[in-house]
Amino acid sequence: MITKNNLSHIIAIARECSECAMLHFNQLTKENIDYKIDASPVTKGDIAVNKIAVLGLQKIFPKIIIVSEEFKESQKQLKNNNLFWLVDPIDGTKEYIKGSPNFTVNFALIKDQEPIFGLIAQPFTGTIWFSYNGKAWKLDKNKEVVGAKNIYCSEINIKKLKVISSLSHRSKDLENWITMIKPIFEENIGSSIKFCIMAEGKMDLYPRNKPTMEWDIAAGHSILKAAGGNIFSVSGMQIQYGKKNFRNENFLAVGKITNRLPSYFLTGLNKLNKVKYKQDLNLAVNALKDKKLVVFPTETVYGIGAIGNNKKAINAIYAAKQRPYNNPLIAHTFNKHEAEKIVEFTKIAHLLTDQFWPGPLTIILQIKETNLSNILSQGSQTLAIRVPSHPVALDLLEKVKIPILAPSANKSGGVSPTSANHAKDDFGPHYKGKDWVLEKILDYGVCEVGIESTVVDCRDETPIILRHGAITANMIFNATNTKVLTLNKTQELISPGLLKSHYAPNAQVLLNQKRKITDSGWLAFGKIPKSLQKQENMFNLSPDGNLIQAGKLLYSGLRFLDSTGVKIIQVMTIPKVGIGIAINDRLTRASSSKEKII
Ligand code: TXA
Ligand code: MG
């Protein structure tokens with residue numbers, strides 16, 4: 001995407017921005033400082049640097065939309081584009097005003113919700129860090145691009161942690177978090193320079209539990225990742241870009257990890273009662289070992305799980321969900337190594353899992369002939385398997401030590417659950433029935449993605465998408481460099497769970513609706529037309545038309561509208577790009593339901 005030639009041009013723009021920033025820095029007076037609505041400062045320097053950055057990038061990449069912190073209009077222009085620039089002309093304006101050297105110029109190129117290029121310049125020292133060709137680089141002042149040196153994260157040693165965190169955005173919760181993980185060294189620094197320090201291997205962790213915007217972290221994220229690190233959300237997913245209002249949730253930036261970090265490193269970024277968590281987890285582990293069912297969170301939807309080595313326990317899932325026996329279940333393991341013991345990995349499987357595990361991807365493979373595999377696959381020759389990213393799910397899997405079979409925690413054919421309450425609605429109030437007991441519900445927040453994992457048949461050289469999800473066909477193509485097939489209707493029998501009618505609320509669902517029918521509720525997306533503005537029973541998936549937000553809210557929306565008692569749910573048109581493909585897939589299945597004729 002970024003050629004060598006492009007890179008030299010981008011670096012030249014960054015240097016021009018740096019010079020401009022320094023010029024203003026040296027003449028900064030109070031009169032040059034303004035305050036934005038959120039009370040954050042903006043200086044003449046920010047505005048001047050912004051202009052150079054935006055015009056410069058526009059000239060090299062005339063077709064790519066540029067979203068900048070200091071250019072509000074650009075933030076409105078972005079409508080689910082898969083490719084865009086994020087620019088923060090001066091990150092650390094507070095430092096800049098104080099006369100501190102730690103302010104930076106940031107450019108990041110985002111593709112499919114991920115930063116694929118990032119550059120950070122520190123005007124004060126003239127140093128530039130960037131990602132290029134899958135590696136991270138540091139370029140000293142005035143050096144030619146060929147003089148850039150590779151930088152790498154150091155491998156994290158859990159007993160010798162070095163933590164870097166924000167200088168001005170402190171809180172009691174942050175201090176508690178730091179005390180909890182017991183670092184041997186701690187430092188506070190302003191601006192995105194923290195990511196560069198980590199990418200050079202000098203620091204291990206950067207926790208953040210105060211708001212940040214995507215342009216504050218995207219360039220640093222790309223550099224850190226190229227150096228061997230990453231930035232994770234509380235549900236263990238790599239931070240995504242193009243979210244609602246470009247706002248990030250809490251995150252943890254990490255250096256190179258060989259083993260999974262303790263879960264409380266992530267869950268502890270939100271308020272967490274460690275004692276209760278331990279008790280919850282023990283109860284859940286014991287219940288599973290006792291062949292009872294447990295509901296647990298994943299980054300996609302909540303699952304209802306049974307221990308995978310016992311037929312009676314597995315049958316309980318079918319009984320609880322009233323699921324047809326011909327619909328097989330997904331096995332969950334806590335890492336790839338565990339999965340490799342059960343199924344025959346292919347080249348495609350390796351490529352996809354190396355990129356997307358842990359995360360919202362399920363692969364279908366041939367089983368290895370072992371006792372456990374046979375029970376997990378219930379006699380079939382294939383098995384669906386995934387490693388979730390959610391730290392609670394991973395803790396559960398690691399403690400049980402045996403794969404957990406888990407479908408979504410809803411009644412078969414109904415709407416999937418994205419919160420513990422959804423599962424309670426479906427299986428309560430008694431949580432037991434003939435041949436099943438749901439012993440424990442691990443209630444740990446709302447699911448980040450909100451749509452079930454992408455299911456990909458990886459048995460052959462060509463990956464076949466059996467169910468769409470957050471990992472899109474485009475992303476699979478980029479990871480494998482192979483043509484990607486999607487099931488057509490007749491082939492859908494391969495995946496019996498992909499019945500035409502699925503994910504269906506009680507009400508009838510009508511798609512691509514514009515005009516109102518009597519007694520209906522509306523599942524809206526984007527701006528609501530005037531004629532519907534007084535409509536009751538309206539659930540807007542995303543007033544700003546943001547698909548990531550819509551994915552997260554889809555099932556809550558369907559469940560809410562059902563609870564109003566409407567007979568029909570009219571759905572506005574939702575674009576079929578990115579996760580919009582999966583949203584449309586689910587809604588299509590929800591709409592072709594149960595011969596409900598009105
Ligand atoms: O995100 C998810 O995948 C969630 C969480 C809990 O991990 N689980 C989930 O499971 O959505 P479930 O059972 O609701 O959907 C699994 C889908 C079904 O459509 C099923 O037919 C398909 O995967 N599937 C399972 N085993 C398969 C196999 N061996 N071959 C083809 N399709 C399979
Ligand atoms: Mg399901």
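Here are some notes:
- Among the residues listed as Ile10, Ile64, Ile2, the single one being of a type in the set (Val, Ile, Thr) and over 26 Å from the mean Cα position of the chain (by Cα): Ile10
- Candidates Ile217, Ile223, Ile164, Ile197 - the one that is closer than 20 Å to Asn106 by Cα and either basic (Lys, Arg) or assigned to a strand (DSSP E or B) (or both): Ile164
- Every residue from region 109-158 that is in contact with a helix residue (DSSP H, G or I) (Cβ under 8 Å, 6 or more places away or on another chain), loosely packed, with under 13 Cβ neighbours inside 10 Å and under 25 Å from Asn81 (Cβ atoms): Gly134
- Filtered by the rule that a residue be of a type outside the set (Asp, Glu) and surrounded by fewer than 21 Cβ atoms within 10 Å (Cβ to Cβ), region 509-519 gives Leu510, Leu511, Asn512, Gln513, Lys514, Arg515, Lys516, Ile517, Thr518.
- Options Val301, Val294; residue that is in contact with a strand residue (DSSP E or B) (Cβ under 8 Å, 6 or more places away or on another chain), β-branched (Val, Ile, Thr), in a loop (DSSP other than H, G, I, E, B) and buried (at least 18 other Cβ atoms within 10 Å of the Cβ): Val301
- Selection from region 279-291 of residues that are in a loop (DSSP other than H, G, I, E, B) and either free of Cβ contacts under 8 Å to residues at least 60 places away in the same chain or of a type in the set (A, V, I, L, M) (or both): Lys291
- Listed by position, the strands (runs of 3 or more DSSP E) inside region 315-415 whose residues that are of a type outside the set (Lys, Arg) and surrounded by fewer than 22 Cβ atoms within 10 Å (Cβ to Cβ) number at least 1 are 361-366, 382-386.
- Some residue of region 532-540 being out of contact with any Lys or Arg (no Cβ under 6 Å at 6 or more places or on another chain), surrounded by fewer than 16 Cβ atoms within 10 Å (Cβ to Cβ) and either at pLDDT 95 or above or not in a loop (DSSP other than H, G, I, E, B) (or both): no
- Residue that is farther than 30 Å from Asn286 by Cβ and surrounded by 22 or more Cβ atoms within 10 Å (Cβ to Cβ), where the choices are Ile451, Ile441, Ile464: Ile451
- Of residues in region 401-452 being among the aromatic types (Phe, Trp, Tyr) and farther than 23 Å from Phe232 by Cβ, the one nearest to ligand 2 (Cβ to nearest atom): Phe427
- Scanning region 264-278 for residues being touching a helix residue (DSSP H, G or I) at 6+ places or on another chain (Cβ under 6 Å) and either part of a loop (DSSP other than H, G, I, E, B) or among the polar types (S, T, N, Q) (or both) gives a total of 2.
- Of everything in region 425-443 that is within 16 Å of ligand 1 (Cβ to nearest atom) and over 20 Å from the mean Cα position of the chain (by Cα), the residue that is farthest from Lys289 (Cα to Cα) is Asp426.
- Figure legend. Inter-residue proximity from region 88-101: first residues without any contact (Cβ under 8 Å) to a residue 40 or more places away in the chain, second residues β-branched (Val, Ile, Thr), beta-carbon distance below 8 Å, spacing 6+ or different chains. Indicated pairs: Pro101/Thr125.
- Residue ranges of helices (runs of 4 or more DSSP H) in region 1-107 with at least 1 members surrounded by 20 or more Cβ atoms within 10 Å (Cβ to Cβ): 4-26, 44-60, 93-98
- Selection within region 515-527 - in contact (Cβ under 8 Å) with a residue 40 or more places away in the chain and not hydroxyl-bearing (Ser, Thr, Tyr): Lys516, Ile517, Asp519, Gly521, Trp522, Leu523, Ala524, Phe525, Gly526
- Which listed residue is among the small types (Gly, Ala, Ser), modelled with pLDDT of 95 or more and under 27 Å from Phe296 (Cβ atoms), from Ala504, Ala479, Ala470: Ala470
- Residue match in region 255-263 (condition: in a helix (DSSP H, G or I) and at pLDDT below 95): no
- Those residues of region 225-283 which are among the β-branched types (Val, Ile, Thr) and surrounded by 15 or more Cβ atoms within 10 Å (Cβ to Cβ), in sequence order: Ile231, Val234, Ile239, Val254, Ile257, Thr267
- So Gly220, is it crowded, with 20+ Cβ neighbours inside 10 Å, closer than 21 Å to Val392 by Cα and of a type in the set (Gly, Ala, Ser): no
The values are calculated or read from the model by the stated rules, or taken from the named source; none is laboratory data. The model shown is predicted, which means the values in this text are computed figures rather than measured ones. Positions of Cβ are backbone-derived with ideal geometry, glycine not excepted, and every protein chain shown enters the neighbour counts.
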